[in-house]
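The values are calculated or read from the model by the stated rules, or taken from the named source; none is laboratory data. Just so you know, these numbers come straight off a predicted model, no measurement behind them. Cβ coordinates were reconstructed from backbone atoms using ideal geometry, including for glycine residues, and neighbour counts include every protein chain displayed. For the accessible areas, the whole protein counts, side chains as well, though only heavy atoms, and no ligand, DNA or RNA atoms are used. Shrake-Rupley method; radii C 1.70, N 1.55, O 1.52, S 1.80 Å.
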Amino acid sequence: MSDTGNQNVHFERVAFYGRRWADYMGFLHLDEAMLAGKRVLDVAAGTSSFAVEAAERGVEVSAIDPLYALEPDAARVRAEEDFAMVMQAIVDKPDYLANTTYATLEDLKAARWAAAERFLIDYREQWGEARYRPLSLPELPFADGEFDYAFCGHFLFLFADRLEHDFHRDALLELSRVAKEVRVYPLFDTTGTTYPRLDKLRGELEARGRRTEKVPVNYSVISGECALLRITRQ
């Protein structure tokens, strides 16, 4: 278990915040070739530019987030507020950053806001269309195996203090119902502490016909264990 709880970073709410295609390649241990011709579900996608960057590469991504119910102007306001919230929390706790993927806080800020800007431009054009849908776990309106991959970055375990264990289990069962493979990162919360019931959770998933695997990743922005959880159906 990685425990860096002295950092104790606290966010007022689950942030409407996001990352770039390049970040997804890193923290989900992906390469562009493996996504070619695939259908991808991006869960709790926030202001990530992954969906629009994927579309530019011919990859079909459906991004979901409850905040996609916001109209474009309101989404921009929320994005700006939450970006400021996250950046201030990091400034207040500088040891929170691992400083391996981005050399400086300014580099991180520039990359994160670039992702938000690309998202907000595309969101205005695509709002109400299939690319961005206001949906929430743990129940999704998709058919079994509708997606090749489901990705969930910086949500489930990162905000484990606000989500019950049963929610984690039900959400991952649902994601592995609608997608052939699920990848979740990170495995730790906002203090850098690995989810303490991860082994129990994996056992519950495997008892319901899923295979689970911890996969090391070469990506680190937040101090904590550098690994993802990969889930497939047996």
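Data table
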read-out	value
³J(HN,Hα) computed for each position of the stretch 43-53 - Karplus, 6.51 cos²θ - 1.76 cosθ + 1.60, integer Hz, glycine/proline x	9, 6, 6, x, 9, 5, 8, 4, 5, 6, 5
Mean Cβ count within 10 Å, highest first, over the residues of peptides 152-158, 82-88	152-158, 82-88
Value of Rg to Rh for the chain (Rh from inverse mean 1/r over Cα pairs, i.e. Kirkwood)	0.93
Partners for residue 109 among lysines (Cα-Cα distance below 19 Å; same-chain residues under 8 apart left out)	93
Mean separation of Cα contacts under 8 Å, 6 or more apart, over the residue count of the chain: relative contact order %	28 percent
Whole-percent carbon and sulfur share, accessible surface of the stretch 104-208, 1.4 Å	47 percent
Per residue value of the accessible surface for the stretch 128-234 (all protein chains in place, 1.4 Å probe), Å²	41 Å²
Exposure ranking of 21, 127, 113 by accessible area [1.4 Å probe, largest first]	127, 113, 21
Set of lysines near residue 200 by C-alpha distance (under 20 Å), chain-local residues within fewer than 8 positions excluded	214
Alpha carbon convex hull of the stretch 120-230, projected area averaged over orientations, nm²	7.9 nm²
Reduced Cα scattering model of the stretch 8-56, Debye log10 I(q)/I(0), q = 0.17, 0.25, 0.26 Å⁻¹	-0.57, -1.02, -1.08
DSSP beta bridges in the chain [antiparallel fraction, %, rounded to 5]	45 percent
By average C-beta atoms within 10 angstrom, highest first, the peptides 23-36, 52-65, 169-182	169-182, 52-65, 23-36
Added length on full extension, which subtracts the Cα-Cα distance from 0.36 nm per residue, residue 89 to residue 77	2.5 nm
